[in-house]
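Data first, discussion second: the structure below is written as C-alpha coordinates.
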Ligand code: CP
(Lines give C-alpha, C1' and ligand atoms only; values in the text may rest on other atoms or scores of the structure.)
Protein backbone atom coordinates (compact mmCIF):
# COMPACT_ATOMS: atom_id res chain seq x y z
CA UNK A 1 0.00 0.00 0.00
CA UNK A 2 1.16 3.57 -0.70
CA UNK A 3 0.40 5.68 2.38
CA UNK A 4 -0.24 8.91 0.48
CA UNK A 5 -3.19 9.74 -1.82
CA UNK A 6 -0.72 10.70 -4.56
CA UNK A 7 2.62 9.67 -6.04
CA UNK A 8 4.55 12.93 -6.30
CA UNK A 9 8.11 11.64 -6.01
CA UNK A 10 10.38 9.00 -4.54
CA UNK A 11 11.80 11.35 -1.91
CA UNK A 12 8.68 10.94 0.30
CA UNK A 13 8.33 7.14 -0.21
CA UNK A 14 9.74 4.55 2.19
CA UNK A 15 11.90 1.63 1.03
CA UNK A 16 8.99 -0.68 1.93
CA UNK A 17 6.58 1.26 -0.30
CA UNK A 18 9.07 1.15 -3.19
CA UNK A 19 9.62 -2.60 -2.72
CA UNK A 20 5.86 -3.22 -2.72
CA UNK A 21 5.48 -1.33 -6.01
CA UNK A 22 8.36 -3.34 -7.51
CA UNK A 23 6.96 -6.70 -6.34
CA UNK A 24 3.57 -5.99 -7.87
CA UNK A 25 5.24 -4.51 -10.96
CA UNK A 26 7.21 -7.74 -11.45
CA UNK A 27 3.96 -9.76 -11.30
CA UNK A 28 2.36 -7.46 -13.87
CA UNK A 29 5.42 -7.68 -16.10
CA UNK A 30 5.31 -11.47 -16.07
CA UNK A 31 1.60 -11.32 -16.93
CA UNK A 32 2.29 -8.88 -19.80
CA UNK A 33 4.96 -11.24 -21.15
CA UNK A 34 2.33 -13.99 -21.12
CA UNK A 35 0.13 -11.67 -23.20
CA UNK A 36 -2.40 -10.98 -20.39
CA UNK A 37 -3.83 -7.50 -21.00
CA UNK A 38 -7.44 -7.74 -19.78
CA UNK A 39 -7.57 -7.10 -16.05
CA UNK A 40 -10.13 -5.52 -13.76
CA UNK A 41 -8.21 -3.85 -10.91
CA UNK A 42 -9.34 -0.40 -12.12
CA UNK A 43 -12.74 -1.37 -13.53
CA UNK A 44 -15.15 1.54 -13.25
CA UNK A 45 -12.36 4.08 -12.57
CA UNK A 46 -11.32 6.95 -14.81
CA UNK A 47 -7.80 8.17 -15.53
CA UNK A 48 -7.03 11.55 -17.10
CA UNK A 49 -3.65 12.03 -18.72
CA UNK A 50 -2.69 15.70 -18.65
CA UNK A 51 0.68 16.41 -20.26
CA UNK A 52 2.03 19.95 -20.65
CA UNK A 53 5.27 18.59 -22.20
CA UNK A 54 6.03 16.16 -25.01
CA UNK A 55 6.28 12.44 -24.31
CA UNK A 56 6.26 9.12 -26.11
CA UNK A 57 7.05 6.48 -23.48
CA UNK A 58 5.46 7.87 -20.34
CA UNK A 59 2.21 9.00 -21.93
CA UNK A 60 1.72 5.79 -23.91
CA UNK A 61 2.66 3.48 -21.06
CA UNK A 62 0.33 5.22 -18.59
CA UNK A 63 -2.49 4.97 -21.11
CA UNK A 64 -1.81 1.29 -21.76
CA UNK A 65 -1.36 0.53 -18.06
CA UNK A 66 -4.72 2.11 -17.19
CA UNK A 67 -6.48 0.37 -20.08
CA UNK A 68 -4.97 -3.04 -19.25
CA UNK A 69 -6.36 -2.58 -15.71
CA UNK A 70 -9.84 -1.90 -17.08
CA UNK A 71 -10.04 1.88 -16.49
CA UNK A 72 -11.65 4.53 -18.72
CA UNK A 73 -8.84 6.75 -20.04
CA UNK A 74 -8.98 10.31 -21.35
CA UNK A 75 -5.99 12.06 -22.90
CA UNK A 76 -6.05 15.84 -22.69
CA UNK A 77 -4.16 17.64 -25.39
CA UNK A 78 -2.98 20.84 -23.72
CA UNK A 79 -2.49 22.43 -27.14
CA UNK A 80 -6.25 22.24 -27.82
CA UNK A 81 -7.58 22.59 -24.25
CA UNK A 82 -8.68 25.68 -22.33
CA UNK A 83 -5.13 25.95 -20.96
CA UNK A 84 -4.43 27.81 -24.20
CA UNK A 85 -7.16 30.32 -23.18
CA UNK A 86 -5.31 31.05 -19.96
CA UNK A 87 -6.96 28.56 -17.59
CA UNK A 88 -4.79 27.98 -14.52
CA UNK A 89 -3.57 24.55 -13.43
CA UNK A 90 -5.72 24.76 -10.30
CA UNK A 91 -8.86 25.57 -12.31
CA UNK A 92 -8.09 22.78 -14.77
CA UNK A 93 -7.73 20.42 -11.80
CA UNK A 94 -11.02 21.56 -10.25
CA UNK A 95 -12.77 21.01 -13.56
CA UNK A 96 -11.38 17.46 -13.88
CA UNK A 97 -12.34 16.77 -10.25
CA UNK A 98 -15.90 18.00 -10.84
CA UNK A 99 -16.20 15.27 -13.48
CA UNK A 100 -15.41 12.70 -10.74
CA UNK A 101 -12.15 11.53 -12.25
CA UNK A 102 -10.26 9.09 -10.05
CA UNK A 103 -6.70 9.71 -11.26
CA UNK A 104 -4.84 12.59 -12.89
CA UNK A 105 -1.45 11.78 -14.41
CA UNK A 106 0.40 15.04 -14.96
CA UNK A 107 3.61 16.07 -16.71
CA UNK A 108 4.50 19.73 -16.34
CA UNK A 109 7.57 21.91 -17.06
CA UNK A 110 7.37 23.49 -13.59
CA UNK A 111 8.78 21.60 -10.61
CA UNK A 112 6.09 21.38 -7.93
CA UNK A 113 3.10 21.57 -10.31
CA UNK A 114 1.87 18.02 -9.41
CA UNK A 115 2.06 18.89 -5.69
CA UNK A 116 -0.05 22.03 -6.24
CA UNK A 117 -2.58 20.00 -8.23
CA UNK A 118 -2.67 17.24 -5.59
CA UNK A 119 -3.55 19.78 -2.89
CA UNK A 120 -6.44 21.04 -5.01
CA UNK A 121 -8.14 17.84 -6.17
CA UNK A 122 -9.68 14.74 -4.63
CA UNK A 123 -8.34 12.56 -7.46
CA UNK A 124 -5.08 10.66 -7.03
CA UNK A 125 -2.32 12.68 -8.70
CA UNK A 126 0.64 10.89 -10.28
CA UNK A 127 3.71 12.89 -11.22
CA UNK A 128 4.81 11.88 -14.72
CA UNK A 129 7.75 14.32 -14.62
CA UNK A 130 7.83 17.87 -13.23
CA UNK A 131 10.51 20.22 -14.53
CA UNK A 132 13.90 19.34 -13.08
CA UNK A 133 12.37 17.93 -9.89
CA UNK A 134 11.27 14.27 -10.04
CA UNK A 135 10.12 11.56 -12.45
CA UNK A 136 9.19 8.85 -9.95
CA UNK A 137 7.69 6.24 -12.26
CA UNK A 138 10.75 6.41 -14.54
CA UNK A 139 13.01 5.59 -11.60
CA UNK A 140 10.63 2.82 -10.49
CA UNK A 141 10.74 1.23 -13.94
CA UNK A 142 14.55 1.49 -13.87
CA UNK A 143 14.58 -0.32 -10.51
CA UNK A 144 12.17 -2.98 -11.80
CA UNK A 145 14.51 -3.64 -14.73
CA UNK A 146 17.50 -3.93 -12.38
CA UNK A 147 15.60 -6.12 -9.91
CA UNK A 148 14.56 -8.47 -12.69
CA UNK A 149 18.23 -9.00 -13.59
CA UNK A 150 19.97 -8.88 -10.20
CA UNK A 151 17.18 -10.01 -7.84
CA UNK A 152 17.90 -7.15 -5.42
CA UNK A 153 19.29 -3.63 -5.65
CA UNK A 154 21.12 -3.75 -2.32
CA UNK A 155 24.87 -3.40 -2.85
CA UNK A 156 24.68 -2.58 -6.55
CA UNK A 157 26.74 0.26 -8.00
CA UNK A 158 24.81 2.38 -10.50
CA UNK A 159 26.86 4.86 -12.57
CA UNK A 160 24.82 7.78 -13.95
CA UNK A 161 26.39 9.94 -16.67
CA UNK A 162 24.88 12.75 -18.70
CA UNK A 163 22.85 15.88 -18.12
CA UNK A 164 22.35 15.38 -14.39
CA UNK A 165 21.66 19.06 -13.69
CA UNK A 166 18.46 19.18 -15.74
CA UNK A 167 17.44 15.59 -15.01
CA UNK A 168 14.41 14.70 -12.90
CA UNK A 169 15.26 11.06 -13.67
CA UNK A 170 18.66 11.40 -11.94
CA UNK A 171 17.09 12.85 -8.82
CA UNK A 172 14.34 10.21 -8.53
CA UNK A 173 16.91 7.47 -9.17
CA UNK A 174 19.22 8.85 -6.51
CA UNK A 175 16.45 9.12 -3.87
CA UNK A 176 15.20 5.60 -4.56
CA UNK A 177 18.53 3.82 -5.08
CA UNK A 178 19.90 5.13 -1.79
CA UNK A 179 16.77 3.92 0.03
CA UNK A 180 17.21 0.47 -1.54
CA UNK A 181 20.87 0.22 -0.51
CA UNK A 182 22.59 0.86 -3.86
CA UNK A 183 25.62 3.11 -4.48
CA UNK A 184 25.25 5.88 -7.04
CA UNK A 185 28.24 7.40 -8.85
CA UNK A 186 27.79 10.37 -11.16
CA UNK A 187 29.88 12.04 -13.83
CA UNK A 188 29.10 15.02 -16.05
CA UNK A 189 30.68 18.30 -17.13
CA UNK A 190 30.69 20.58 -14.07
CA UNK A 191 28.18 22.79 -15.86
CA UNK A 192 25.72 19.87 -15.99
CA UNK A 193 26.16 18.81 -12.36
CA UNK A 194 23.72 20.38 -9.88
CA UNK A 195 25.09 21.92 -6.69
CA UNK A 196 24.52 19.86 -3.57
CA UNK A 197 23.81 16.50 -5.21
CA UNK A 198 26.68 14.94 -3.22
CA UNK A 199 24.83 15.93 -0.04
CA UNK A 200 21.96 13.76 -1.32
CA UNK A 201 24.23 10.71 -1.36
CA UNK A 202 25.72 10.72 -4.87
CA UNK A 203 29.43 9.95 -5.34
CA UNK A 204 30.65 12.71 -7.65
CA UNK A 205 33.49 11.45 -9.85
CA UNK A 206 36.31 13.21 -11.69
CA UNK A 207 36.38 10.92 -14.71
CA UNK A 208 34.26 8.43 -16.66
CA UNK A 209 36.64 5.69 -15.56
CA UNK A 210 36.15 6.52 -11.87
CA UNK A 211 32.36 6.65 -12.26
CA UNK A 212 32.23 3.33 -14.10
CA UNK A 213 34.75 1.44 -11.94
CA UNK A 214 33.09 -1.87 -10.94
CA UNK A 215 29.63 -0.55 -11.84
CA UNK A 216 26.81 -3.09 -12.20
CA UNK A 217 24.65 -0.65 -14.17
CA UNK A 218 25.66 2.20 -16.48
CA UNK A 219 22.87 4.70 -17.07
CA UNK A 220 23.18 7.40 -19.71
CA UNK A 221 21.00 10.49 -19.40
CA UNK A 222 19.83 12.55 -22.34
CA UNK A 223 21.46 15.90 -22.99
CA UNK A 224 18.34 18.03 -22.64
CA UNK A 225 18.88 20.49 -25.44
CA UNK A 226 15.49 22.11 -24.75
CA UNK A 227 16.57 23.05 -21.20
CA UNK A 228 20.06 24.38 -22.07
CA UNK A 229 19.95 28.17 -21.76
CA UNK A 230 23.71 28.72 -21.95
CA UNK A 231 26.70 27.03 -23.53
CA UNK A 232 27.13 24.26 -20.95
CA UNK A 233 29.46 22.35 -23.28
CA UNK A 234 31.08 23.30 -26.59
CA UNK A 235 29.34 20.83 -28.93
CA UNK A 236 27.59 17.46 -28.94
CA UNK A 237 30.64 15.96 -30.66
CA UNK A 238 32.93 17.09 -27.86
CA UNK A 239 30.42 15.94 -25.26
CA UNK A 240 30.42 12.45 -26.82
CA UNK A 241 34.22 12.34 -26.99
CA UNK A 242 34.92 13.41 -23.42
CA UNK A 243 31.78 12.46 -21.46
CA UNK A 244 29.91 9.83 -23.50
CA UNK A 245 30.05 6.09 -22.81
CA UNK A 246 31.69 3.86 -25.42
CA UNK A 247 33.09 0.32 -25.46
CA UNK A 248 36.55 1.46 -24.31
CA UNK A 249 35.24 3.24 -21.23
CA UNK A 250 32.77 0.45 -20.47
CA UNK A 251 35.73 -1.87 -19.79
CA UNK A 252 36.03 -0.21 -16.37
CA UNK A 253 32.54 -1.44 -15.35
CA UNK A 254 31.87 -5.03 -14.23
CA UNK A 255 31.77 -7.55 -17.08
CA UNK A 256 28.19 -7.72 -18.37
CA UNK A 257 27.19 -4.41 -16.75
CA UNK A 258 23.71 -3.39 -17.84
CA UNK A 259 23.34 -0.41 -20.19
CA UNK A 260 20.29 1.69 -19.42
CA UNK A 261 18.82 4.99 -20.60
CA UNK A 262 15.40 6.52 -19.90
CA UNK A 263 15.06 7.67 -23.48
CA UNK A 264 14.73 9.37 -25.77
CA UNK A 265 18.41 8.73 -26.60
CA UNK A 266 20.66 11.08 -28.54
CA UNK A 267 22.39 8.23 -30.40
CA UNK A 268 26.17 8.56 -30.39
CA UNK A 269 26.11 11.30 -27.74
CA UNK A 270 25.36 9.80 -24.31
CA UNK A 271 25.96 6.22 -25.51
CA UNK A 272 27.33 4.77 -28.74
CA UNK A 273 24.85 3.00 -31.01
CA UNK A 274 26.79 -0.25 -30.48
CA UNK A 275 26.07 -0.09 -26.74
CA UNK A 276 22.43 0.99 -27.21
CA UNK A 277 21.80 -2.04 -29.42
CA UNK A 278 24.22 -4.41 -27.68
CA UNK A 279 23.58 -7.60 -25.69
CA UNK A 280 23.72 -5.96 -22.28
CA UNK A 281 21.42 -3.07 -23.23
CA UNK A 282 18.15 -3.06 -21.27
CA UNK A 283 16.72 0.05 -22.93
CA UNK A 284 13.84 -1.77 -24.63
CA UNK A 285 13.24 -3.87 -21.51
CA UNK A 286 12.89 -0.60 -19.57
CA UNK A 287 9.97 0.35 -21.82
CA UNK A 288 7.96 -2.78 -20.92
CA UNK A 289 8.90 -2.31 -17.26
CA UNK A 290 7.31 1.14 -17.61
CA UNK A 291 3.90 -0.30 -18.44
CA UNK A 292 4.15 -2.85 -15.61
CA UNK A 293 5.32 -0.45 -12.93
CA UNK A 294 2.64 2.09 -13.86
CA UNK A 295 0.04 -0.66 -13.55
CA UNK A 296 1.42 -1.33 -10.06
CA UNK A 297 1.32 2.34 -9.04
CA UNK A 298 -2.27 2.77 -10.27
CA UNK A 299 -3.37 -0.41 -8.48
CA UNK A 300 -1.72 0.45 -5.16
CA UNK A 301 -2.95 4.05 -5.11
CA UNK A 302 -6.44 2.79 -5.88
CA UNK A 303 -6.27 0.47 -2.86
CA UNK A 304 -5.50 3.41 -0.61
CA UNK A 305 -8.99 4.90 -0.97
CA UNK A 306 -10.90 1.69 -0.29
N1 LIG B 1 11.70 8.65 -20.30
C2 LIG B 1 10.69 9.48 -20.64
O3 LIG B 1 10.13 10.17 -19.78
O4 LIG B 1 10.38 9.48 -21.95
P5 LIG B 1 9.21 10.33 -22.64
O6 LIG B 1 9.62 11.77 -22.55
O7 LIG B 1 9.13 9.80 -24.05
O8 LIG B 1 7.95 10.09 -21.85
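Suppose we filter segment 114-132 for residues that are within 16 Å of the ligand (Cβ to nearest atom) and over 22 Å from residue 296 (Cβ atoms); how many remain?
Matching residues across segment 114-132 total 2.
Quick check: is even one residue across segment 42-52 surrounded by fewer than 15 Cβ atoms within 10 Å (Cβ to Cβ) and over 26 Å from residue 169 (Cβ atoms)?
Our first condition is that a residue be surrounded by fewer than 15 Cβ atoms within 10 Å (Cβ to Cβ); within segment 42-52, this holds for 43-44.
Retained after the next criterion (residues that are over 26 Å from residue 169 (Cβ atoms)): 43-44.
Checked segment 42-52: at least one residue is surrounded by fewer than 15 Cβ atoms within 10 Å (Cβ to Cβ) and over 26 Å from residue 169 (Cβ atoms).
Condition first: buried (at least 20 other Cβ atoms within 10 Å of the Cβ) and closer than 20 Å to residue 146 by Cα. Now tell me which residues in segment 188-206 satisfy that. Listed by number, the list holds a single entry, 202.
Taken over segment 45-91, the criterion of being assigned to a loop (DSSP other than H, G, I, E, B), closer than 24 Å to residue 296 by Cβ and within 20 Å of the chain's Cα centre (by Cα) is satisfied by 53, 55, 56.
Count of segment 109-127 residues, restricted to those that are more than 19 Å from residue 139 (Cβ to Cβ), in a loop (DSSP other than H, G, I, E, B) and in contact with a strand residue (DSSP E or B) (Cβ under 6 Å, 6 or more places away or on another chain), is 1. Residue 238 satisfies every condition listed in (1) assigned to a helix (DSSP H, G or I); (2) modelled with pLDDT of 90 or more except (2). Residue 21 fulfils the conditions (1) farther than 27 Å from residue 176 by Cα; (2) crowded, with 16+ Cβ neighbours inside 10 Å; (3) away from the ligand (no atom under 16 Å from the Cβ) except for a single criterion, (1). Filter segment 207-231 down to the residues that are surrounded by fewer than 18 Cβ atoms within 10 Å (Cβ to Cβ) and modelled with pLDDT under 95, then identify the one that is nearest to residue 144 (Cα to Cα). Among them, the one singled out is 224.
The values are calculated or read from the model by the stated rules, or taken from the named source; none is laboratory data. Being a predicted model, the structure only gives us computed values, none of them experimental. Virtual Cβ from ideal backbone geometry, glycine too; neighbours counted across all protein chains shown.
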